[in-house]
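The values are calculated or read from the model by the stated rules, or taken from the named source; none is laboratory data. None of the values given here were measured: they were computed from a predicted structure. Here the Cβ positions follow ideal geometry from the backbone for every residue, glycine too, while neighbour counts run over all protein chains shown. Surface accessibility is based on the protein's heavy atoms, side chains included, excluding ligands, DNA and RNA. Shrake-Rupley method; radii C 1.70, N 1.55, O 1.52, S 1.80 Å.
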Amino acid sequence: MIRIKAFVSKLKLVKEANLLDSKFFVLKTFFAITVAFVIGNNIPLVRRDMISVLFGLILTLEAINVTGVKSGWDQIVASFIGATVTGIIILIFGVNAITVGLSVAFTLYICLIIDWKSISPVALFTAIYMTQNLQIGISGQPSILLTVALRFAALVFGVVVAILFNFIFSLLQYKFLTNKRTAYLLKLLLFDLSSTNEYIIKKDKKLCDNTRAKLVETSNSIEWVYSLFSDMNKEFNHNIKIFGFSNNPVKDKLRLVRHIRIISHLLFDINYILGDRISDIDELNEIYSYISDVINKVMDNLGGLKRVYDGVEKSAILEHNWLVLPKRKFGNGYAFRINQNLIDINKNIRIMAEIINDNK
């Protein structure tokens, strides 16, 4: 019985996945794929290439409508690049081992010219597709145009279905999506604060290095959420309520994420000082217990904000409204800088609490 419970518990999504509405996304994927498959199989041209339909659909499914449209458009542009490059090559030299490799390599080269930091898998997939799924025309000869038409008909159909389901599910999802994403970021910061405090208490340099690496991941998550909120904000203009959802909460969430970003940077600076600027943690012995206490207070306040988005509290309640420097001066300049960073962190938390309470 215990083993069965352990197995079932492993099948459950982690809390972070729930905060990112993963169950909702899985459900949306199921319905979108099912509908696309049923309708697509009744369209003569499209049903010949269900792989492109379903693959394009999955890549277009997003929590935010604008983000999904961008993804769909990027796929179409990438497919155009792959189809054009490969089409020209096989038109001149035909399909053989050399042209298959040349088509993919040259498509890759064009992608690097356009954006050297990223390579579109869709463009490369299209290059391969053009050589491996070359259609036979009415004349009985391989037809590049028919192959291109099939690829784009299937892709566009999949993208359109995905955009439709993004919109339908957004009507249900938008009201709580921003709260869950914000709670997710607050949870990451609380973990990073706790890790920093653990390092100060245990004086283990490895903990500091691990925390800094984790803070880089947190920063990436913050930018990802900020980008999502920015895209969502573009969907709502002039403060008009659309389907019961106003754009004001989105703008407020953008403000919150900006302050979360500042807190993350300040916390990273604290760990940078502890890890690279103080050769011996014992130099902080005179005040390290004080700093540990301040971090605990900051965590209490940040936890107060998170409880609002967890649905536990209706308003943000701060247990420590002000953090002040101790009356005595710090003998260590870096200790002063750490403490000042913590004070700035708490100031940002207070501003966030005001934003939250003003919208209740």
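Being modelled with pLDDT of 90 or more and surrounded by 16 or more Cβ atoms within 10 Å (Cβ to Cβ) is the filter here, so list the residues in region 85-98 that pass it. Result: Val85, Thr86, Gly87, Ile89, Ile90. Being assigned to a helix (DSSP H, G or I) and modelled with pLDDT under 80 is the filter; apply it to region 244-262 and report the residue that is nearest to Lys187 (Cα to Cα). Across region 244-262, the extreme among qualifying residues is Pro249. Each residue in region 117-138 was checked for being within 21 Å of Trp73 (Cβ to Cβ) and either more than 38 Å from the chain's Cα centre (by Cα) or open to solvent by 70 Å² or more (accessible area, probe 1.4 Å) (or both), and 3 pass. Condition (residue is out of contact with any helix residue (DSSP H, G or I) (no Cβ under 7 Å at 6 or more places or on another chain), open to solvent by 40 Å² or more (accessible area, probe 1.4 Å) and touching a residue at least 12 places away in the same chain (Cβ under 8 Å)) applied to region 139-149: is it met by at least one residue? Yes, the conditions are met somewhere in region 139-149.
Assess whether Tyr174 counts as being open to solvent by 70 Å² or more (accessible area, probe 1.4 Å) and under 29 Å from the mean Cα position of the chain (by Cα).
The answer is no for Tyr174.
Scanning region 263-296 for residues being open to solvent by less than 70 Å² (accessible area, probe 1.4 Å) and either modelled with pLDDT under 65 or of a type in the set (Val, Ile, Thr) (or both) gives a total of 11. Figure legend. Inter-residue proximity from region 55-70: first residues in contact (Cβ under 8 Å) with a residue 40 or more places away in the chain and closer than 15 Å to Phe31 by Cα, second residues open to solvent by less than 10 Å² (accessible area, probe 1.4 Å) and in a loop (DSSP other than H, G, I, E, B), beta-carbon distance below 9 Å, spacing 6+ or different chains. Indicated pairs: Ala63/Asp21.
Can you spot a residue in region 159-174 that is part of a helix (DSSP H, G or I) and touching a Lys or Arg at 6+ places or on another chain (Cβ under 6 Å)? Before the answer, list the steps.
From region 159-174, those part of a helix (DSSP H, G or I) are 159-174; that's our starting set.
Going one step further and asking which of them are touching a Lys or Arg at 6+ places or on another chain (Cβ under 6 Å), we end up with 165, 169.
Within region 159-174, one or more residues are part of a helix (DSSP H, G or I) and touching a Lys or Arg at 6+ places or on another chain (Cβ under 6 Å).
For region 33-53, the set of residues classified as crowded, with 19+ Cβ neighbours inside 10 Å and either within 26 Å of Lys23 (Cβ to Cβ) or touching a Phe, Trp or Tyr at 6+ places or on another chain (Cβ under 8 Å) (or both) consists of Ile33, Ala36, Gly40, Val46, Ser52, Val53, listed by residue number.
Considering region 332-360, the residues that are open to solvent by 70 Å² or more (accessible area, probe 1.4 Å) and in a loop (DSSP other than H, G, I, E, B) include one that is modelled with the lowest pLDDT, namely Lys360. Ser71 fulfils the conditions (1) modelled with pLDDT of 90 or more; (2) surrounded by fewer than 19 Cβ atoms within 10 Å (Cβ to Cβ); (3) under 22 Å from Ser221 (Cα atoms) except for a single criterion, (2).
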